[in-house]
Amino acid sequence: MNVKIEPSWAEHLRAEFEKPYFAKLTDSVRQEYLAGTCYPPGPLIFNAFNLCPFDKVKVVIIGQDPYHEPGQAHGLSFSVLPGVPFPPSLQNIFKEIEADLGTPIPASGDLTRWARQGVLLLNATLTVRAHQANSHALLGWREFTDAAIQALAREREHLVYMLWGSYARSKAYMIDRQRNLVLESVHPSPLSANRGGWFGQHQFSRCNDYLRGQGQEAIQW
């Protein structure tokens with residue numbers, strides 16, 4: 001894939017790069033990008049890791065796979081590039097932040113600023129074929145991203161894991177709740193959020209309260 005990953009993550013995930021599944025994954029992704037349009041652009045596949053080094057992670061937000069329409073995906077879950085209209089889930093995230101913290105809805109949906117503060121915006125699948133949601137779900141990415149979550153769960157503590165929707169919540173078994181804060185809710189998509197369980201959960205203020213309680217700086221959501 002000709003993509004470099006941030007050095008601290010490369011060190012913690014070194015064993016994965018040597019496994020047969022990763023060689024197969026690399027070849028499959030390369031073939032997909034050669035065969036047609038895929039997202040995000042190749043240099044941004046590992047953007048979540050590159051913007052948020054292993055030892056800087058404070059919060060983990062797990063998405064399922066990248067946005068699959070032009071100009072949206074740039075390697076961070078739920079995030080879109082500046083100037084791109086907010087997808088519905090991101091709209092609901094910003095609405096809840098505004099209600100919870102009083103933070104005005106921003107002009108841009110680019111969450112790079114979160115990543116630089118220690119929010120790992122990790123999609124379980126890191127690539128997708130254009131216009132086809134979950135089209136790369138079976139290529140092997142989930143084994144790789146599970147390994148990343150497990151590395152954090154094993155070697156770091158006092159993190160906040162924000163697990164939205166049934167898929168993200170299925171990762172909870174890897175996390176020691178005695179050593180970390182796990183915040184679970186329905187997915188922020190309109191279909192789920194409008195049924196209840198997303199709005200009014202105060203996840204963002206609860207996250208910041210926990211971080212402050214651990215002597216860490218709160219996230220500027």
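Here are a few things to note about the model shown:
- When residue 179 is tested against (1) at pLDDT below 95; (2) among the basic types (Lys, Arg); (3) touching an Asp or Glu at 6+ places or on another chain (Cβ under 8 Å), just one condition goes unmet, and that condition is (1).
- Residue that is surrounded by the most Cβ atoms within 10 Å (Cβ to Cβ) [pool: residues in segment 58-93 that are in a loop (DSSP other than H, G, I, E, B) and polar (S, T, N, Q)]: 79
- Qualifying residue in segment 100-123 (condition: touching a His at 6+ places or on another chain (Cβ under 9 Å), crowded, with 20+ Cβ neighbours inside 10 Å and either among the β-branched types (Val, Ile, Thr) or within 26 Å of residue 158 (Cα to Cα) (or both)): no
- Odd one out for residue 159 among (1) within 16 Å of residue 91 (Cβ to Cβ); (2) open to solvent by less than 40 Å² (accessible area, probe 1.4 Å); (3) aliphatic (A, V, I, L, M): (1)
- Residue 40 being touching a residue at least 24 places away in the same chain (Cβ under 8 Å) and over 23 Å from residue 182 (Cβ atoms): yes
- Residue 102 being under 28 Å from residue 198 (Cβ atoms) and at pLDDT below 95: no
The values are calculated or read from the model by the stated rules, or taken from the named source; none is laboratory data. All of these numbers come straight from a predicted model, not from anything done at the bench. With ideal geometry, Cβ positions are generated from the backbone for all residues, glycine too; neighbour counts draw on all protein chains shown. Calculation scope for accessible area: heavy atoms of the full protein, side chains included, ligands and nucleic acids excluded. Shrake-Rupley method; radii C 1.70, N 1.55, O 1.52, S 1.80 Å.
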